[in-house]
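Working notes, beginning with the structure itself.
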Amino acid sequence: MSTIAVLGTLDTKGHEHAYVAEIIRSRGHQPLLIDTGSGEAPQVKPDVTREEVAAANGVDLAGIMARKDRGEAVTAMAGAAAVYLAKLVSDGRVQGVISLGGGGGTAIGSAAMRALPVGFPKVMVSTLAAGNVAPYVGTKDIVMFPSIVDVSGINRISRVLLARAAGAICGMVETNVPAGEDKPLIAASMFGNTTDCVNMAKKILEDAGYEVLVFHATGTGGRIMESLIESGMFAGVLDITTTEWADEYVGGILGAGPTRLDAAAKAGIPSIITPGCLDMVNFGERATVPTKFEGRTFYIHNPQVTLMRTNAAECAELGRILAEKANACRGPVTVLLPKKAISIISATGKPFHSPEADAALFEGIKQHLKPGVPLLELDCEINAPEFAEACAKTLLASLPARKAA
């Protein structure tokens, strides 16, 4: 039997949380009903009161309730719930968490879940789950479960969906994760346009005794990779696909924020940096591209994704940024340049082929890279076997030797 935290605003959604708790109990698990409300008295009796949750983070709940400021209350209880739930998890008192909410409830429940480790079972049933969930999920593995109807009573729709959500969290805690060999980890960044390169380099690293975790360079993927590097779980980084910086600088939709490439630099772990896919900026459907970019070179990757070619001026600045990120590395770092193409579609004869833009990018890197930072230029495309091999073997030279698996 596992204990599953059922966390939510029991003043407005107590009956719904109690219904989920009962489903969990019927599955042979113990629900722990936690109140994060700040309005009227809870509709059902909690196992953990709102006062206990608030006290975990020094929140003056009585004062907040007296002021009747909903925004202040949601913010305060979100912070307190995160502290309280993280302590329960670290003490081994709960093995999963589920929460139900509208706007305020989702803000509180998801904030608490973001404070928990990756891999810990988390389900957030929300009225907002069909929209942009990035602010709620962050860099964690929160399962966002659409409520379809508002979380307001048990009816013919909510009865089914809340029961399924309860079953989902029960299934998650009941599942035993097969044990695996804990090899040292390498983080790698990949896009469809660099898949061959990363896969070839990955094989070389795995044969040398490392496990490689690949992150899709879609903004969220880069942020997650940075977060996990920061946590100290990686021995090295194979940052072949730094494309998120093109979106960040130019204004695309897949930027990973200004701290992309910082985690490895601060951690001092061995790193490989290449300008993979800095030839492209990502937008949604063609009609969504801002009008200021009209006249530029575009490539329709699929009906939902439109790519725009970076120009020489943008590439020169991206080269400077990449160089300065490499300069900040406290550990071994090598920059590798594939001189014939930085993506599949920038090769000769392809839609994004632009020798002028590539030259500006490479010159920007070389001009700003400080003396002492190794720079390797290879006369090949990024997905050529020799480039993948150079990336992998250069990284291995900075890592402790491992026996092949």
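Each value in this text was obtained by applying a stated rule to the coordinates, not by laboratory testing. Computed from a predicted model, the values in this text were never measured in an experiment. No Cβ is skipped: glycine too gets one built from the backbone with ideal geometry, and neighbour counts run over all protein chains shown.
Note on the chain: Kirkwood radius taken over Cα pairs, Stokes-Einstein applied at 4 °C and 1.567 mPa s, translational D equal to 55 µm² s⁻¹. Sorted on the mean count of surrounding Cβ atoms within 10 Å across their residues, most packed first, peptides 69-81, 274-286, 184-196, 297-309 read 274-286, 184-196, 69-81, 297-309. 3J(HN,Hα) along the stretch 163-179, derived from phi through the Karplus expression 6.51 cos²θ - 1.76 cosθ + 1.60 where θ = phi - 60°, amounts to 5, 5, 5, 4, x, 5, 5, 5, x, 5, 6, 7, 7, 7, 7, x, 6 Hz, with x in place of Gly and Pro. Considering only the other residues whose Cβ falls under 11 Å of the Cβ of ALA384, what net charge follows from Lys and Arg at +1 and Asp and Glu at -1? Net charge in that neighbourhood comes out at -3. Remark: spin-label model distance ILE253-ARG93 equals 4.3 nm, labels positioned 7 Å along the Cα→Cβ axis. Residues whose amide H lies under 5 Å from that of PHE234, counting only those 5 or more places away or on a different chain, are absent; hydrogens are built 1.01 Å from N in the peptide plane. Rg/Rh for the stretch 3-174 (Cα atoms only, Rh after Kirkwood) is 0.93. When the charge dipole of the chain is built from unit charges on Cβ atoms (+1 for Lys and Arg, -1 for Asp and Glu) and taken about the Cα centre, the candidate among VAL281, CYS391, PHE234 whose Cα reaches farthest toward its positive end is PHE234.
Given the pairs LYS202/LYS366; LYS339/LYS370; LYS183/LYS370; LYS340/LYS393; LYS140/LYS266, which span a C-alpha to C-alpha distance of over 23 angstrom in this model? From LYS202/LYS366; LYS339/LYS370; LYS183/LYS370; LYS340/LYS393; LYS140/LYS266, over 23 Å: LYS202/LYS366; LYS183/LYS370. Both numbers refer to the Cα atoms of the stretch 185-241; Rg and Dmax are 10.7, 30 Å. Computed extension length for VAL373-GLU386: 2.6 nm, one decimal, from 0.36 nm per residue of separation with the Cα-Cα distance subtracted. Each Lys and Arg adds +1 at its Cβ and each Asp and Glu adds -1 at its Cβ; summed about the Cα centre, the chain shows a dipole of about 480 debye.
The aspartates and glutamates whose alpha-carbon is closer than 15 Å to the alpha-carbon of LYS350, local same-chain residues fewer than 8 away aside, are ASP279, ASP358, GLU381. For LYS292, no aspartates and glutamates have a Cα falling under 13 Å of its own Cα, not counting residues fewer than eight places away in the same chain. Reported value for the stretch 185-397: 102 Å³ per residue, from the convex hull of its C-alpha atoms. Karplus-derived 3J(HN,Hα) values for the stretch 56-67, using 6.51 cos²θ - 1.76 cosθ + 1.60 with θ = phi - 60°, are 5, 10, x, 7, 7, 5, 4, x, 5, 5, 5, 7 Hz; glycine and proline are entered as x. Considering only alpha-carbon pairs that sit under 8 angstrom and 6 or more positions apart, the relative contact order computed for the stretch 16-67 is 27 percent. As a rough guide to protection, the peptides 133-145, 252-264 ranked by mean Cβ packing within 10 Å, highest first, stand as 252-264, 133-145. Under the convention that each Lys and Arg Cβ holds +1 and each Asp and Glu Cβ holds -1, the size of the dipole of the stretch 3-174 around its Cα centre is about 360 debye. Axis of helix 312-327 versus longest Cα principal axis of the chain: the two differ by about 70°, to the nearest ten degrees. Compared with the dominant Cα axis of the chain, that is its longest principal axis, helix 385-397 is turned about 70°. Pairs of Cα atoms nearer than 8 Å and 6+ residues apart set the relative contact order; for the chain it is 12 percent. Taking amide hydrogens as placed 1.01 Å from N in the peptide plane, the amide H of LEU32 sits under 5 Å from those of ILE4, ALA5, VAL6, each at least 5 positions away in sequence or on another chain. For ALA111, the shell of other residues with beta-carbons less than 14 Å away shows a net charge of +3, using +1 for Lys and Arg and -1 for Asp and Glu.
The packing ranking of peptides 224-233, 122-131, highest mean first, is 122-131, 224-233, where packing means the average number of other beta carbon atoms within 10 angstrom of each residue.
The fewest-to-most ranking of GLU40, GLU314, GLU52, GLU244 by surrounding Cβ atoms within 10 Å reads GLU40, GLU52, GLU314, GLU244.
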